1. Can you tell me which condition residue 65 does not meet? The list is (1) surrounded by fewer than 17 Cβ atoms within 10 Å (Cβ to Cβ); (2) at pLDDT 95 or above, and all the others hold.
2. Among the residues of the stretch 36-62, write down those that are buried (at least 17 other Cβ atoms within 10 Å of the Cβ), in contact with a Gly (Cβ under 9 Å, 6 or more places away or on another chain) and farther than 12 Å from residue 101 by Cβ.
3. Please work out which residue is farthest from residue 261 (Cα to Cα), limiting yourself to the stretch 85-123 and to residues that are touching a Ser or Thr at 6+ places or on another chain (Cβ under 8 Å) and among the β-branched types (Val, Ile, Thr).
4. I want to confirm something. Restricting to the stretch 130-153 and keeping residues that are surrounded by fewer than 23 Cβ atoms within 10 Å (Cβ to Cβ) and in contact with a Ser or Thr (Cβ under 7 Å, 6 or more places away or on another chain), which single residue is modelled with the highest pLDDT?
5. Which of the residues spanning the stretch 202-226 are of a type in the set (Phe, Trp, Tyr) and part of a strand (DSSP E or B)?
6. All but one of (1) in contact (Cβ under 8 Å) with a residue 12 or more places away in the chain; (2) out of contact with any Cys (no Cβ under 8 Å at 6 or more places or on another chain) hold for residue 114; state the number of the condition that does not hold.
7. Which members of the stretch 1-40 meet the condition of being more than 16 Å from residue 90 (Cα to Cα) and of a type in the set (A, V, I, L, M)?
8. Hey, can you tell me all the residues within the stretch 206-254 that are farther than 19 Å from residue 112 by Cα, hydrophobic (A, V, I, L, M, F, W, C) and touching a Pro at 6+ places or on another chain (Cβ under 8 Å)?
Amino acid sequence: MTNYVEVIGDPIAQSKSPVIHGLWIEKLGLDAEYRATRVEAAGLEDYLAVRREDAAWRGCNVTMPHKQAIMPMLDRLEPLAKRVGAVNTVVKAPDGRLVGRNTDVAGFLEPLAQRLGEQHYFRMARVLGTGGAARAIVTGLAREGFRIVLAGRNTDKARALLEELDPDGEHHVAPLDHFAQATDFAFDDREGCCDLVVNASPLGMRGQPALAFDWSHAPPGSIAYDIVTDPVATPFLENARAAGFQTIDGFAMLIGQAAAAFEHFFGVAPPREYDSTLHERLAA
């Protein structure tokens, strides 16, 4: 019996998860498969009922629009998934119970690990976007001691998100268009600081307008981080590089969250020495 894992969502054809997990399964020689399965919102409960009875099914990754809807249908939620309010990984436990996890937080933070291992006297992140992805990003950054400026078209939504996810934090909100125009703000000495600018919105994705962000709003030494993966070379990152900032692209988070999920599914760490190969396949 060949065990299998899958990614579910609607639509699902664009998912890059089969490429990532498929390569790791191949390199480790596992007797397993990774599939992509379209599941409509109305069919989510029936999908889980069928998979519960399938001995070969080890679990699934969950993408839009099911990350929140699936939560009450599971037997148990890990604490982080509860806090984020979203599940992107469902694992069938040995006793058959379905456990909801969130690996988006780990995936987002992974490429920042070296920087976060350093001591800083101040950490600040400008997070652009208030959708589902922002929930994991805000949660992760708050845990790492960042003061967050959350920018969205609806500042009331941004404020509610911060109050829900980190009510004790000293965070701020701003309208998204505040960052579109140049500023002559004189930043103080950033020595010993860690500054991030994160595009947590779909702006810049294929078929979407570019994110309007003027890099005069970024303190010197900031890291530009875009979670968009199609295309991976977004105008946001290209403009950041042109302005002299270090950048992190969406493949970093995508691979990082997949790595954490893979270990939950198969009980073994993925072979990360093939990350460069993964980048090539994902970009093809």
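The values are calculated or read from the model by the stated rules, or taken from the named source; none is laboratory data. This is a predicted model, so every value here is computed, not measured. All Cβ positions, glycine included, derive from the backbone under ideal geometry; neighbour counts span all protein chains shown.
1. Only one criterion is unmet by residue 65, namely (2).
2. Of everything in the stretch 36-62, those that are buried (at least 17 other Cβ atoms within 10 Å of the Cβ), in contact with a Gly (Cβ under 9 Å, 6 or more places away or on another chain) and farther than 12 Å from residue 101 by Cβ turn out to be 36, 39, 51.
3. Going residue by residue through the stretch 85-123, those that are touching a Ser or Thr at 6+ places or on another chain (Cβ under 8 Å) are 88-89, 100-103, 105.
Adding the requirement that they be among the β-branched types (Val, Ile, Thr) leaves 89, 103, 105.
On the way: 89: 6, 103: 6, 105: 11 Å.
So, considering only residues that are touching a Ser or Thr at 6+ places or on another chain (Cβ under 8 Å) and among the β-branched types (Val, Ile, Thr), the one farthest from residue 261 (Cα to Cα) is 105.
4. 152
5. The one that is of a type in the set (Phe, Trp, Tyr) and part of a strand (DSSP E or B): 225.
6. Residue 114 satisfies all of (1) in contact (Cβ under 8 Å) with a residue 12 or more places away in the chain; (2) out of contact with any Cys (no Cβ under 8 Å at 6 or more places or on another chain) except (1).
7. 1, 12, 13, 19, 20, 23, 25, 28, 30, 32
8. Residues satisfying the conditions are 210, 211.
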